[in-house]
Amino acid sequence: MSKFIINKTIKPFAKTLNIEGDKSLSIRWALLASQAVGKSYAENLLKSDDVLYTLNCLKKLGTKIKKKKDKYEIHGLGLNGYKFKNNLVLDAGNSGTLGRLILGLLIHTKKKIKLIGDKSLSKRDFLRVTKPLGNFGANFKTNSGKLPITLIGTKNPVPIRYYETKGSAQCKSAIMLAALNTKGETVIKAKKSRDHTELLFKYLKLPIKVYKKKEFDLIKIKGGKIIKPFNYKIPTDISSCAFFIVLAALGKSSEIKIKNVNINPSRSGIIKILKMMGIKINFKNVKIYKGEKIADIHVKSVKSIKPIKCPSKLTSSAIDEFLVIFLVAAKANGTSYFTNLSELNQKESPRLKWGYKILREMGIETEITSNSIKIVGNPNLKINKKIVIKKYLKDHRVFMTSVIAALIFGGNWTIYDKDSIKTSFPSFLKIIKGLRY
């Protein structure tokens, strides 16, 4: 197993960063471009394993994809245009976004398709997707609700009505993609979650209506409309930026500017949470780009951190960033509480449990339940011992959070599975080393 060793803290730094494109948008662009009629182009597409697995799956389905310098070109086949071969096997690798969303585009396959993934993805719940997609008329066979999955589609998928209760953008998006291939109107009552797919549908002028209620969104989609090709300059991923935001905020005499970041309100709960904890974050050059809110983010070091009783309504908009948020709570002057976190254990690894383990290794007093965590902060924490992080199912966020913890709090860390960052943020360590480390 590849490993990374850190035995010194970060030096003061002042940097401007250009970070790779948003993974969620990179995958969604590729899937929708494959359903368009004609050539679509993307700049700043994230070149991570998750996105490359997406492109490979689309190629297996007959989609022509070319890379020209820093641009990617997809020649879309149109709705229902995929070319299905006998006993086709699609590998989603480690990507839950790819694995779940692509099933929505396969409900009309006339031939059997098998979807597989790596060890980590094969432990994750797919019933949340196969159950509603089965209502369209497709037939799924799962491994007790997990991968591998085999499916045979239907010639005439029917629109459905579905109540999505988990706040899963992946589940909601899979249903929305499936709805494109129906004749009629699909209605989704969805617990609040990321709305990238809705914004892309609106930008593409697909027949979608979204009614935002206090506790849920009501989404209505009419299928059958031709998707026009579209070009997209992928903005920067707030989830990737989170590690450097926290590093600058908790480091000594440091500041950072990150350009062209997607600050979509359904995605940027971490900003609200960190501001409540006293982190100074400013937006500049704010604009709307093809439905998404974009800005440059400025962050400076702070001397004291406030504890937080985190509002549960912010959970879905910060679900991927909680591990690194826990590090901020570890330095707070008081006790912080986070609830409604059960979805954290449905990620690449049981992240709530791993957040607890990392904090305990650091010497932070903490308590955990199945969906909550209590963190007793220590503003003067300095680690002077060896810490080993391994056997975490190669979860990239566990690796990156451990690196940030080592750089801030010190200690002699050995963190295994360095290659896990290839799934979402291949340049992470390169950027770290460029911050005067």
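Comparing 20, 361, 255, which has the greatest mean-square fluctuation in the GNM of the chain with Cα pairs linked when under 10 Å apart?
Comparing 20, 361, 255 in a Gaussian network model of the chain, the most mobile one is 361.
Once you list every other residue whose beta carbon is under 10 Å from the beta carbon of residue 199, what net charge do they have if Lys and Arg are +1 and Asp and Glu are -1?
Within the 10 Å Cβ shell, the charges total +2.
More than 18 Å apart: what percent of Cα pairs in the range 295-404 qualify?
When every Cα pair of the range 295-404 is considered, 49 percent fall beyond 18 Å.
If the elastic network links every pair of Cα atoms under 10 Å, which of 93, 184, 223 fluctuates the most in the Gaussian network model of the chain?
184
Strictly over 29 Å apart at the Cα level, which of 189/313; 382/430; 233/303 would you flag in this model?
Violating the 29 Å limit, Cα to Cα: 233/303.
Among 185, 215, 367, determine the one that fluctuates most according to a GNM of the chain built with springs between C-alpha atoms less than 10 Å apart.
So, out of 185, 215, 367, the one fluctuating most is 215.
Whose amide H sits under 5 Å from the amide H of residue 289, counting only residues 5 or more places off or on another chain, with H placed in the peptide plane?
Answer set, sorted by chain and number: 294.
If N is the number of residues in the range 158-221, what value comes out of its Cα radius of gyration divided by 2.2 N^0.38 Å?
Scaled against compact globular proteins, the figure is 0.99.
For the chain, build the charge dipole from Cβ charges (+1 Lys, Arg; -1 Asp, Glu) around the Cα centre, then report which of 333, 46, 279 sits farthest towards its positive end.
46
What distance in nm lies between label points placed 7 Å from Cα along the C-beta direction at residue 59 and residue 430?
Modelled inter-label distance: 2.1 nm.
Could you tell me which residue out of 32, 103, 181 lies farthest along the dipole of the range 23-222 toward its positive end? Charges go on the beta carbon: Lys and Arg +1, Asp and Glu -1, centred on the Cα centre.
181
Loop only by DSSP, 15 or fewer other Cβ within 10 Å of the Cβ. Give me the trypsin sites (Lys or Arg not before Pro) in the range 377-437 that pass, ordered by residue number.
Counting only loop positions with at most 15 other Cβ atoms within 10 Å, the trypsin sites (Lys or Arg not before Pro) in the range 377-437 are 382, 385, 390, 391, 436.
Beyond a 28 Å Cα-Cα separation, which of these cross-linked pairs lie in this structure: 259/280; 47/259; 119/214; 67/259; 83/146; 112/212?
Beyond 28 Å: 119/214; 112/212.
Would you please state the base-10 log of I(q)/I(0) at q = 0.14 1/Å for the range 240-370, with intensities from the Debye formula using one equal scatterer on every alpha carbon?
So the normalised log intensities are -0.63.
Between 0 and 90 degrees, rounded to the nearest ten: what's the tilt of helix 351-362 against the longest Cα principal axis of the chain?
20 degrees
Roughly how many nanometres apart are two label points built 7 Å out from the Cα toward the Cβ at residue 276 and residue 146?
3.3 nm
Could you check what % of the DSSP bridge pairs in the range 81-232 are antiparallel, to the nearest 5?
Of those bridges, close to 70 percent are antiparallel.
For the range 23-222, max minus min Cα coordinate along each principal axis, in Å, sorted largest first?
Cα extents, longest axis first: 45, 36, 32 Å.
Largest first and in whole Å, give the semi-axes of the range 1-106's equivalent ellipsoid, each being the square root of 5 times a Cα gyration tensor eigenvalue.
Each semi-axis is the square root of five times an eigenvalue, giving 32, 18, 11 Å.
First measure r as the distance between the Cβ atoms of residue 163 and residue 111, then evaluate 1/(1 + (r/R0)^6) with R0 = 35 Å and state the FRET efficiency to the nearest 0.05.
With a Förster radius of 35 Å, E is 0.65.
Please find the FRET efficiency linking residue 127 to residue 68, where r is the Cβ-Cβ separation and R0 is fixed at 45 Å, and quote it to the nearest 0.05.
0.65
Could you check the spin-label model distance between residue 370 and residue 214? Points 7 Å from the Cα along Cα→Cβ, value in nm.
Reported label-point gap for residue 370 and residue 214 is 2.8 nm.
Taking Cα pairs under 8 Å and at least six residues apart, what relative contact order does the chain come out at, in percent?
18 percent
Let me have the 222 nm mean residue ellipticity of the chain computed from DSSP H runs of 4+ only, each contributing -39500 (n - 2.57), with the sum over all residues rounded to the nearest 500.
About -8500 deg cm²/dmol.
FYI, it's all coordinate maths here, none of it is from the lab. None of the values given here were measured: they were computed from a predicted structure. Positions of Cβ are generated from backbone atoms using ideal geometry, with glycine treated the same way; all protein chains shown enter the neighbour counts.
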